[in-house]
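Structure first, commentary second.
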Amino acid sequence: MNDSLAVCVLKYFLEKVEDKEIRPILEQTFELSESHLEKLTSIFTVENFPIPQGFTDEDININAPRLYSDTYFLKYVYQMSQLGLNAYSIALPTVTRADILAYFSECLTEFIELHKMTTNLLLSKGLYIRPPYIPTPKEVDFVKSISFLAGWLGERRPLLALEISNLFNNIQRNALGVATLLGFSQVANSKEVRQYMVHGKEIASKHVEIFGSILREEDLPVPMTWDSEVTDSTVSPFSDKLMMFQTTALNGIGMGYYGASIATSPRHDLATHYARLSFEIGKYSEEGTKIMFENGWFEQPPQAIDRDELAKRKS
């Protein structure tokens with residue numbers, strides 16, 4: 001599902017990209033996604049497993065005007081490389097079959113290389129947003145008070161390095177989400193989908209502001225947003241089905257990152273923020289899933305046998 005979506009999106013990006021340094025990265029990412037589709041299709045075919053429909057050329061209009069800038073294309077692939085690294089590293093420990101283990105291992109290696117390429121190009125173009133710097137500790141120390149966990153009441157300790165990293169990266173992901181949904185809201189054909197995208201943009205913008213305010217309280221820099229990388233086009237390059245799938249998939253990924261942030265942020269106020277905002281994303285995601293149900297856009301994943309239903313049929 002994800003690779004077929006990537007093929008569609010990258011076809012459109014390749015039709016519009018003008019930067020000669022960014023094009024090769026888009027081409028390589030496109031080739032990766034196509035090769036993954038071929039390998040997965042082969043695995044499913046051997047197992048007599050139904051191949052998901054996913055997304056096809058019917059879900060894109062490469063002749064639509066440019067909706068995003070070349071800089072957005074590069075940032076999109078950069079985030080895509082991070083998501084791929086996360087997804088394949090999670091998949092690997094769940095696998096026992098040698099051929100599937102080899103496949104996911106290969107994918108992980110490919111995305112490590114893609115991440116290096118996108119990072120280096122962002123650096124060379126001066127587009128890489130550097131995270132905040134903190135001083136190197138002078139010695140090893142130990143926590144001496146339960147106030148280390150405090151956040152809402154009393155004196156709060158400074159943010160830990162990992163807490164800063166979580167806030168910074170969640171801002172960047174949401175900032176790209178704002179730009180993505182801003183574009184989707186301009187071009188979606190269905191009024192219901194347009195309203196959904198506007199709502200999502202507002203949620204992502206609010207999360208950027210909340211996380212940014214925490215960094216500002218510590219006199220730490222806040223990453224820039226990417227709203228200016230969206231053109232004024234109102235002609236959709238993507239089907240409403242594709243845009244809804246992309247948005248609901250990002251919702252799930254966002255909740256996953258917030259969960260990881262809770263686990264690595266001991267300060268109580270941060271954990272509370274992440275829990276509250278995760279609930280907000282969950283409600284928004286449920287709204288999106290309902291839209292997909294109603295329009296026949298939600299492909300059912302494989303599921304366990306309903307034994308109760310089998311018993312009813314027998315009777």
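The values are calculated or read from the model by the stated rules, or taken from the named source; none is laboratory data. The structure displayed is predicted, hence computed values, not measured ones. As a convention, Cβ positions derive from the backbone with ideal geometry for all residues, glycine included, and neighbour counts pool all protein chains shown. Surface areas here come from the heavy atoms of the whole protein model, side chains and all, with no ligands, DNA or RNA. Shrake-Rupley method; radii C 1.70, N 1.55, O 1.52, S 1.80 Å.
So how tilted is helix 2-16 from the main axis of the chain? Cα-based, degrees 0 to 90, rounded to 10. It is inclined by approximately 90 degrees. Using only Cα atoms and rounding to the nearest 10 degrees, what angle (0 to 90) does helix 161-187 make with the longest principal axis of the chain? For 161-187 against the chain, the angle is about 40 degrees. Largest accessible area first, the residues F279, F184, F30 order themselves as F279, F30, F184 under a 1.4 Å probe with ligands, DNA and RNA left out.
Listed cross-link partners K75/K201; K191/K241; K11/K283; K201/K241; K20/K241 are compared with a 21 Å cut-off, the Cα-Cα value being larger for K11/K283; K20/K241. When the chain is treated as a GNM with alpha-carbon contacts under 10 Å, the residue of P132, P50, P221 showing the greatest mean-square fluctuation is P50.
Positive end of the charge dipole of the chain (Lys, Arg +1 and Asp, Glu -1 on Cβ, about the Cα centre): tell me which of F211, N170, A150 has its Cα farthest that way. Checked the options; the winner is A150. Its Kirkwood hydrodynamic radius, worked out from the mean inverse distance over all distinct Cα pairs, puts region 153-202 at 12.9 Å. Extending 7 Å from the Cα toward the beta-carbon at both Q303 and E286 defines two label points whose distance is 1.7 nm. Residues whose amide H falls under 5 Å from that of F238, counting only those 5 or more places apart or on a different chain, are N61, with hydrogens built in the peptide plane. Would you report the distance distribution of C-alpha pairs in region 1-58 as whole percents per 10 angstrom bin, up to the bin with the largest distance? So the P(r) values, bin by bin, are 22, 46, 23, 8, 1.
With 28 Å as the cut-off, how large is the P(r) tail for the chain, expressed as percent of Cα-Cα pairs? Tail of P(r) above 28 Å: 47 percent of Cα pairs. Evaluated with a Cβ-only charge set (Lys, Arg +1; Asp, Glu -1), the chain carries a dipole of roughly 700 debye about its Cα centre, given to the nearest 20. Dividing the Cα radius of gyration of region 170-315 by 2.2 N^0.38 Å, with N the residue count, gives 1.26.
Phi angles across region 77-89 convert, under the Karplus curve 6.51 cos²θ - 1.76 cosθ + 1.60 with θ = phi - 60°, into 3J(HN,Hα) values of 5, 4, 5, 4, 5, 5, 5, x, 4, 5, 5, 6, 5 Hz, Gly and Pro given as x. A viscosity of 1.567 mPa s and a temperature of 4 °C, combined with the Kirkwood radius over Cα pairs in Stokes-Einstein, give a translational diffusion coefficient for region 1-137 of 78 µm²/s. Placing one equal scatterer on every Cα of region 161-243 and applying the Debye formula, the log10 ratio I(q)/I(0) at q = 0.17, 0.21, 0.24 Å⁻¹ is -0.68, -0.89, -1.05. In terms of overall dimensions, the C-alpha atoms belonging to region 242-297 reach 43, 15, 11 Å along their principal axes, ordered largest to smallest.
Counting only alpha carbon atoms, the long axis of helix 268-294 and the longest principal axis of the chain meet at about 20°. Annotation: amide H-H contacts under 5 Å for Y68 (H modelled 1.01 Å from N, sequence separation of 5 or more, or interchain): T231. A dipole drawn for region 243-315 from +1 and -1 charges on Cβ atoms has a positive end, and of A249, H273, Q303 the residue lying farthest that way is Q303. Rounded to the nearest 20 debye, the dipole magnitude of region 1-109 is 260 debye, with +1 charges on Lys and Arg beta carbons, -1 on Asp and Glu beta carbons, and the Cα centre as origin.
FRET efficiency for the pair E31 and D99, taken as 1/(1 + (r/R0)^6) with r the Cβ-Cβ distance and R0 = 25 Å, rounds to 0.70.
When restricted to Cα atoms, region 55-134 yields an Rg and a Dmax of 16.4, 49 Å, respectively.
Rolling a 1.4 Å probe over the heavy atoms of the protein chains gives the chain an accessible area of 54 Å² per residue.
When Rg and Dmax are taken over the Cα atoms of region 213-283, they come to 16.2, 46 Å. Largest first, the residues T56, T29 sort by 1.4 Å accessible area into T56, T29. Explain nothing, just the number: relative contact order of region 185-255, from Cα pairs under 8 Å at least 6 residues apart, as a whole percent. Here the relative contact order equals 44 percent. On the chain, 57 percent of the accessible area sits on carbon and sulfur atoms, based on a 1.4 Å probe.
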